[in-house]
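Structure record follows, encoded as structure tokens.
The values are calculated or read from the model by the stated rules, or taken from the named source; none is laboratory data. The model shown is predicted, which means the values in this text are computed figures rather than measured ones. So basically every Cβ, Gly included, is an ideal-geometry build from the backbone, and we count neighbours across all protein chains shown.
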């Protein structure tokens, strides 16, 4: 019926780990899939981190006409499944604009919107965690609002958001597997295809190990960043 | 130097300032005393545009910060220019924690007054020397005691060459020992004939250092005059007798 690894009536027969040739070709395919995964990951971060800041500033605007639409946007992005957002961008937007998007482009757009919404709220929390007295001190020293933000608030904000951002970045690595739903062949899809072709779970576990390694590196880097900001307190 | 005329300020139903007028002349040290909630700090915060008045007029060094009878608040650049005439020292110091002591004092000189790096640095070390902290220039605020932090905050204000200094309960966050080192610095500034407005709970200090004392209660100035006059006023006596005196 089902063949669990290492269990069951008979000893689970290995199909990749004992076959170097097959393993090599699997790894080559996984490597290609990893490329797609990493470009989705990279583009999403590249655009969503700054866009999140813009959204956060708009969300904190005194102008209701600016604040309310962003509030609604963040609600929808955080309140609906990412996979649904991917579908929407992939299938609905071409109907509206009349042109098909390239697969990666469409998926990146959906991911950027979703992640920017989360980052915006992290930034907003960070801004609020910087004491009001910092803004007041900047004000009485004659800084403009822009100078105060860039020189006084932003550096203290970054210290406060390192760990919450690391959570999102790690989640993003795993969320990339969702794009399988619109037929993109990335790391998880490659592993799943291989698994079902040969009837073995090994490719999936190998893919899992790859995700884990990526996230171990990311965790390490964020930990370093966090320690870097320990040079001051408050 | 400073003229406050009939200012009103309320938060919702809470009328914090109900027609306060106050003058500070060039070279004068004015202490504002009064019970908590009397509006002293709000008054001070209105002078530097941290709070906005509902009514009244504030003139700083001949320039109008606000006149609700006329044009209201000054426009942005004028407002910044007027604010820069005053140095402000907060109760809670509000040093920039991510900057060293030196950078706390040079940053606004460079960014706001556009002084050169070397000039700002030299001047910062000079004012830090004045508050007795030139040896702490490369440390971060969290490494300092509260009294030292407040002295850095004073140096940071001095470095902007303000025409007048405002202190908002500068020692209320400090224990008695640290209070004295900060008060000594403020007293030293008073002896240089600087124009100062000090909101304080330190009665002995007000008595000793102020040229004039203003007693506020319930959002109005109840009496003002020389320290001798004010501290012998029956209402002030009633207030000061409630306050435990360190000396």
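Residue check: is residue A:91 away from every other protein chain (no Cβ under 14 Å) and within 28 Å of residue A:209 (Cα to Cα)? Outline the logic, then answer.
Values: away from every other protein chain (no Cβ under 14 Å): yes; within 28 Å of residue A:209 (Cα to Cα): no.
No; evaluated as a whole, the condition is false for this residue.
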Within the stretch A:64-101, work out how many residues are modelled with pLDDT of 95 or more and outside any helix (DSSP H, G or I). 2
Check whether at least one residue in the stretch A:126-140 is more than 14 Å from chain B (Cβ to nearest Cβ) and surrounded by 13 or more Cβ atoms within 10 Å (Cβ to Cβ), and report yes or no. yes
Taking the stretch B:132-156, which residues are away from chain A (no Cβ under 11 Å), free of Cβ contacts under 8 Å to residues at least 40 places away in the same chain and part of a helix (DSSP H, G or I)? B:134, B:135, B:136, B:147, B:148, B:151
Please determine, by comparing only the residues of the stretch B:92-126 that are out of contact with any helix residue (DSSP H, G or I) (no Cβ under 8 Å at 6 or more places or on another chain) and within 15 Å of residue B:152 (Cβ to Cβ), which one is farthest from the other protein chains (Cβ to nearest Cβ). B:126
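Are any residues in the stretch B:128-159 more than 14 Å from the chain's Cα centre (by Cα), within 23 Å of residue B:114 (Cα to Cα) and surrounded by 22 or more Cβ atoms within 10 Å (Cβ to Cβ), and if so, which ones? Give the derivation first.
Initially, the stretch B:128-159 is screened for residues more than 14 Å from the chain's Cα centre (by Cα), giving B:128-149, B:152, B:159.
Of the ones still in play, those that are also within 23 Å of residue B:114 (Cα to Cα) are B:128-130, B:134, B:137-138, B:152, B:159.
Passing the criteria: B:128, B:152, B:159.
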With criteria (1) in contact with a helix residue (DSSP H, G or I) (Cβ under 9 Å, 6 or more places away or on another chain); (2) modelled with pLDDT of 95 or more; (3) within 30 Å of residue B:139 (Cα to Cα), residue A:229 comes up short on (2)
Please find, within the stretch B:69-98, the residue that is surrounded by the most Cβ atoms within 10 Å (Cβ to Cβ) out of those that are over 13 Å from the mean Cα position of the chain (by Cα) and assigned to a helix (DSSP H, G or I). B:82
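Only one of these is away from chain A (no Cβ under 14 Å), surrounded by 19 or more Cβ atoms within 10 Å (Cβ to Cβ), within 20 Å of residue A:140 (Cα to Cα) and touching a helix residue (DSSP H, G or I) at 6+ places or on another chain (Cβ under 6 Å): B:66, B:53. Name it. Write out each step before concluding.
Working: B:66 fails: touching a helix residue (DSSP H, G or I) at 6+ places or on another chain (Cβ under 6 Å).
After ruling out the rest, the residue left standing is B:53.
Residues are listed down the side, and each one gets a yes or a no for (1) touching a strand residue (DSSP E or B) at 6+ places or on another chain (Cβ under 6 Å); (2) free of Cβ contacts under 8 Å to residues at least 12 places away in the same chain; (3) under 30 Å from residue A:203 (Cα atoms); (4) buried (at least 17 other Cβ atoms within 10 Å of the Cβ):
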residue: A:51; (1), (2), (3), (4): no, no, no, yes
residue: A:64; (1), (2), (3), (4): no, yes, no, no
residue: A:81; (1), (2), (3), (4): no, yes, yes, no
residue: A:85; (1), (2), (3), (4): no, no, yes, yes
residue: A:90; (1), (2), (3), (4): no, no, yes, yes
